[in-house]
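K.L.:
Sharing a structure with you now.
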Amino acid sequence: MERALRLARRGLGGTSPNPLVGAVVVRGGRIVGEGYHHRAGEAHAERLALERAGKLARGATLYVSLEPCHHMGRTPPCTEAVLAAGVRRVVYALADPNPRVPGGGGDFLRAQGLEVASGLLEEQSRVLNEVFVKWVTTGLPFVYLKAAMSLDGRIATRTGDSRWISNDISRAWVHRLRSRVDGILAGIGTVLADDPLLTPRLPGRPRRRPLRIVVDPLFKTPLDARLFSDPAPLLIAGGRGASKRKQAALQKKGAEVLTLPAPGGRLILKPLLEHLGQRPVTSLLVEGGAEIYASFLDEGLVDKLYLFYAPILIGGTKAKGMLGGLGPATVAEAVKVKSVRATRMRGDLLVEAYMDR
């Protein structure tokens with residue numbers, strides 16, 4: 001099962017909106033076939049592993065990181081392939097979390113006389129598929145919040161300069177993360193200050209083009225912004241009462257425009273995430289800035305944090321801190337996190353944490 005999970009990880013960035021799945025066929029204590037799901041619409045891990053095992057699959061044990069599917073999607077049910085291969089025993093880590101799929105593959109295979117076991121390394125599979133589990137059970141994307149800051153928590157100097165706070169190792173790590181998500185989001189403040197592309201750029205790797213999203217309540221995005229120089233899809237979300245003329249101009253430049261409730265000039269983010277989940281955008285990377293970070297945290301929409309700390313001190317009362325907004329009145333009201341982990345990124349420090357709800 002550990003091997004199946006390692007294989008599943010190879011599909012990172014390619015399988016959305018499907019889960020990450022790996023499968024291993026074992027006969028006589030020896031691996032005779034293995035496979036993983038490469039991308040949505042292509043063969044599932046079980047079928048690939050069984051095909052590679054061939055006749056050796058008969059009477060063998062199939063280890064798979066997620067319960068074999070028993071419904072028709074873009075590809076036929078994996079349970080059909082399991083039965084046809086003559087597998088004697090199936091062991092899976094995580095039950096299919098999709099509430100819209102009637103009947104589980106495990107129960108079906110058990111009813112056909114196969115020996116079926118579940119729960120082996122279940123938590124590891126759940127963490128590996130945290131994006132899929134969140135999206136398929138709530139309809140909302142799994143939200144990563146990424147920020148780069150000085151040791152004293154500043155994301156920019158008093159003049160707005162922020163290039164580059166983090167080092168090249170950290171920035172390359174972020175580009176790998178960008179290449180695995182379905183959407184990358186920034187607020188209009190970041191667009192005006194940094195003029196970003198919001199794209200993954202990895203030398204020597206095939207170019208992925210996640211959806212780029214700008215939260216821009218008043219549609220202030222400049223028509224000469226670098227965002228329009230890249231062919232990756234661009235969605236600009238603004239308030240319903242904002243300038244129709246500017247909306248039309250942005251659409252003419254190639255952007256998709258979405259209007260949402262924005263009382264007091266501040267966009268309500270939950271409807272935006274519901275829209276993204278339906279597209280489907282299953283994972284979303286929030287890249288800044290301070291007000292957007294605060295809004296996502298205030299609405300309880302963040303799932304995981306990636307915070308990069310550089311070995312510098314910026315200081316100054318006018319330098320931008322990571323979080324804007326009003327903030328809590330007391331320490332007891334502060335946002336809480338859990339499962340905190342720190343990793344050295346050469347001179348930088350990456351702190352990962354999940355939100356504690």
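The values are calculated or read from the model by the stated rules, or taken from the named source; none is laboratory data. Quantities reported herein were computed from a predicted structural model and do not represent experimental measurements. Glycine also receives a Cβ, built like all others from the backbone with ideal geometry; neighbour counts cover every protein chain displayed. What goes into the accessible areas is simple: the full protein's heavy atoms, side chains included, and nothing from ligands, DNA or RNA. Shrake-Rupley method; radii C 1.70, N 1.55, O 1.52, S 1.80 Å.
K.L.:
Looking at (1) surrounded by fewer than 14 Cβ atoms within 10 Å (Cβ to Cβ); (2) touching a helix residue (DSSP H, G or I) at 6+ places or on another chain (Cβ under 7 Å); (3) farther than 24 Å from I268 by Cα, which one does D195 not meet, given that it meets all the others?
P.N.:
(3)
K.L.:
Suppose we filter P206, P222 for residues that are surrounded by fewer than 17 Cβ atoms within 10 Å (Cβ to Cβ), at pLDDT below 95 and part of a loop (DSSP other than H, G, I, E, B); which single one remains?
P.N.:
P206
K.L.:
If a residue has to be open to solvent by 20 Å² or more (accessible area, probe 1.4 Å) and of a type in the set (S, T, Y) to count, how many in region 101-132 make the cut?
P.N.:
Result for region 101-132: 1.
K.L.:
Now for a separate question. Among the residues of region 188-196, is any within 17 Å of A147 (Cα to Cα) and touching a Pro at 6+ places or on another chain (Cβ under 7 Å)?
P.N.:
Looking for residues that are within 17 Å of A147 (Cα to Cα) and touching a Pro at 6+ places or on another chain (Cβ under 7 Å), one finds at least one in region 188-196, hence yes.
K.L.:
I would also like to ask the following. Looking only at region 140-171, count every residue that is at positive phi and open to solvent by 30 Å² or more (accessible area, probe 1.4 Å) and tell me the total.
P.N.:
1
K.L.:
May I pose another question? Based on this model, can you work out whether S125 counts as over 17 Å from T15 (Cβ atoms), out of contact with any Pro (no Cβ under 6 Å at 6 or more places or on another chain) and among the hydroxyl-bearing types (S, T, Y)?
P.N.:
On the way: over 17 Å from T15 (Cβ atoms): no; out of contact with any Pro (no Cβ under 6 Å at 6 or more places or on another chain): yes; among the hydroxyl-bearing types (S, T, Y): yes.
The answer is no for S125.
K.L.:
I'm trying to understand the selection: among the residues of region 81-100, which are open to solvent by 40 Å² or more (accessible area, probe 1.4 Å) and either assigned to a helix (DSSP H, G or I) or more than 24 Å from N129 (Cα to Cα) (or both)?
P.N.:
Of everything in region 81-100, those that are open to solvent by 40 Å² or more (accessible area, probe 1.4 Å) and either assigned to a helix (DSSP H, G or I) or more than 24 Å from N129 (Cα to Cα) (or both) turn out to be L83, A84, R88.
K.L.:
Considering only region 94-101, I want to know if a residue exists there that is closer than 15 Å to A45 by Cβ and not hydroxyl-bearing (S, T, Y).
P.N.:
Scanning region 94-101, I find at least one residue that is closer than 15 Å to A45 by Cβ and not hydroxyl-bearing (S, T, Y), so the answer is yes.
Listed here are the residues, each with its yes/no results for (1) over 28 Å from A249 (Cβ atoms); (2) not charged (D, E, K, R).
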position: R154; (1), (2): yes, no
position: D194; (1), (2): no, no
position: L202; (1), (2): yes, yes
position: L211; (1), (2): no, yes
position: P217; (1), (2): no, yes
position: L223; (1), (2): no, yes
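K.L.:
Within region 54-80, restricting attention to residues that are open to solvent by 10 Å² or more (accessible area, probe 1.4 Å) and of a type in the set (G, A, S), which residue is nearest to P17 (Cα to Cα)?
P.N.:
Top of the filtered list is G73.
K.L.:
Quick one: what pairs do we get from region 1-20, first residue open to solvent by less than 40 Å² (accessible area, probe 1.4 Å) and modelled with pLDDT of 95 or more, second charged (D, E, K, R) and outside any loop (DSSP other than H, G, I, E, B), C-beta under 7 Å, 6+ apart or different chains?
P.N.:
L7/E34; L20/R9
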